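To start, the structure under review is shown below, and the notes come after it.
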Amino acid sequence: MTQYALLVLEDGTIFQGKSIGYNGITIGEIVFNTSMTGYQEILTDPSYKNQIITFTYPHIGNTGINKYDTESNHIQVKGIIIRDISLSNNHCDSIYNLSEYLKYHHIIGISNLDTRKITRIIRNQGTQYGCIITKYNFSLAYKYTKNFYEHKNMYLVQTSNKKKIYHWTPTKNITIKKTIKNKKKLFHIIVYDFGIKNSILQILSKHGCYFTIVPSDTSYKKILHLQPDGIILSNGPGDPRFYNNAITNIKNIIRINIPTFGICLGHQLLALSQGAKIIKMKFGHHGSNHPVQNIQTKQVMITTQNHNFTIDHKNIPNNIHITHISLFDKTIQGIQIINKSAFSFQGHPESSPGPHDAKPLFNTFINYIINTPKLY
C-alpha cells in the first residue's frame, strides 16, 4: 500500500508526494545538491548533519547501497527529497535498495515531487526550513517548521564528532604512494573531528599517515603533548562562528607553526582564527560540479562542495593570502597563512564521490610536513 507524504516549506508552500523511507515527521534546513552520482556518500557525509537534501538529479537509487561507500557509520541527513526513486538497483556490490536503507536508519524521505520548483524557491528566496510528514496534516507540519525556524540557533553548532580521543586505522589495504618523498616514513596526523569523512583519512593513509582523532574542543596543549607531524581541521556541519573554543585552539596551533590543512568547515575556522569574517551564503554550494580556479596558476579544477558559509571578501587580514576562488560566484575557496605552514580549501579535496581534481592538495600538505622544522 502506498504511503503518501507532505513537504511543507517555511513560506507555506506545500508539496504532495509518496513516502520512500521511515514513517513519521522530520524538520530541518533544506538544501539542494546538484550531484548526478554518489547519493550514498552524500547521505552519510557528517557535513549534512540535521539538513534535508533535495537531489536535483531526477533519478536516485539505481545502484542501491553497498558497504564500502559510506562516509560515516550512519546516515547523517534528517530527510531526503527526490523526483523519482529507482524501482530496481543494479550493482554487483549492492546489499540494500535505497528505501530499505532509509527505513533501517529511521530516515524520512519523499518522492514524486517537482524538485526543480523546490530548487528555484531555494535559489530565489534562500535556504528554506521545511518539514516532511507522512500523513496529510498541513497545520501540524507548518507549526513544526515555524517552531524549528524560531529556534534555529540551537542547531548552528553541531556535535557530530566523538567525545574521546581515538586512533583510526584504514578499513582496506592501503598502498603508500610512490610519488611522495620519504614514502616509508609514517606521519602522525592529529585530526580535529568536526565531522570527518572516511575518504579523507583513506587518502591520507596512502600518503604514509596514521591518525589520532580528537574531539573538536581539544586544547592545543593536549595537541602538543600528542606530538603531531601535522594537523587536519576537518569538514563538518553548522555555523563556524559559534565554534569559539576551536577557533582559539587553532590560533595557537598556527602560532606554533604546526603544519595545518583546513577542509570545508576547517577552512572557515582557520580563517576565523586569523581574524577573517565569515558570512552565510544565500543557498550555499552543494554538489560535485563546482569549478574552482587557482589564482596563481589559473588552473581550474572541478570540485565537490558542501557548505552554507564563506569567507567575507571585505574582511581579509593582511596575513591571509587568497589562493583559490569559485568560478560560479567568485567566493573564496582557498587560503594560505603567510609565513606559516597552514592552508585550507573550501571544497572536499578527496572529492568523494568525485571528481578527483583537488587531490593534489594532499601532496601540498605532506610536503609542508616534510619541509617544516619541528620546533614544538
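The values are calculated or read from the model by the stated rules, or taken from the named source; none is laboratory data. Note that the structure is a prediction, hence the values are computed from the model and not measured. As a convention, Cβ positions derive from the backbone with ideal geometry for all residues, glycine included, and neighbour counts pool all protein chains shown.
Is it true that some residue in region 321-342 is crowded, with 23+ Cβ neighbours inside 10 Å and either in the same structural domain as residue 39 (by TED's automatic domain parsing) or touching a Pro at 6+ places or on another chain (Cβ under 9 Å) (or both)? Scanning region 321-342 turns up at least one residue that is crowded, with 23+ Cβ neighbours inside 10 Å and either in the same structural domain as residue 39 (by TED's automatic domain parsing) or touching a Pro at 6+ places or on another chain (Cβ under 9 Å) (or both).
Only one of the numbered conditions (1) buried (at least 20 other Cβ atoms within 10 Å of the Cβ); (2) at pLDDT 95 or above is violated by residue 351, and that is (2).
Just the residues that are of a type in the set (A, V, I, L, M) and either modelled with pLDDT of 95 or more or assigned to a strand (DSSP E or B) (or both), please, taken from region 105-160. Hits for region 105-160 are 107, 108, 110, 113, 118, 121, 122, 132, 133. Taken together, the criteria place residue 110 among residues that are under 24 Å from residue 45 (Cα atoms), in contact with a Phe, Trp or Tyr (Cβ under 9 Å, 6 or more places away or on another chain) and not polar (S, T, N, Q). If you check 294, 315 for being surrounded by fewer than 20 Cβ atoms within 10 Å (Cβ to Cβ) and in contact with a strand residue (DSSP E or B) (Cβ under 6 Å, 6 or more places away or on another chain), only one passes: 294. Considering (1) assigned to a helix (DSSP H, G or I); (2) over 28 Å from residue 135 (Cβ atoms), the lone condition that residue 68 does not fulfil carries the number (1).
Taking the conditions (1) polar (S, T, N, Q); (2) surrounded by fewer than 18 Cβ atoms within 10 Å (Cβ to Cβ); (3) touching a strand residue (DSSP E or B) at 6+ places or on another chain (Cβ under 6 Å) in turn, residue 288 satisfies each one other than (2).
Among residues of region 260-273 that are touching a residue at least 12 places away in the same chain (Cβ under 8 Å), those with a beta-carbon under 6 Å from a residue that is among the aromatic types (Phe, Trp, Tyr) and part of a helix (DSSP H, G or I) at least six positions away or on a different chain give the pairs 261/365. Listed here are the strands (runs of 3 or more DSSP E) enclosed by region 214-303 that have at least 1 residues being within 27 Å of residue 54 (Cβ to Cβ) and touching an Asp or Glu at 6+ places or on another chain (Cβ under 9 Å): 260-263, 278-294.
Only one entry of 104, 39, 48 meets the criterion of being surrounded by fewer than 23 Cβ atoms within 10 Å (Cβ to Cβ) and assigned by TED's automatic domain parsing to the domain that holds residue 143, and that entry is 104.
Annotation: of all residues in region 193-225 being farther than 16 Å from residue 169 by Cα and either among the basic types (Lys, Arg) or in contact (Cβ under 8 Å) with a residue 40 or more places away in the chain (or both), the one that is surrounded by the fewest Cβ atoms within 10 Å (Cβ to Cβ) is 221. If you go through region 9-30 and pick out every residue that is in contact with a Gly (Cβ under 6 Å, 6 or more places away or on another chain) and assigned to a strand (DSSP E or B), you end up with 3.
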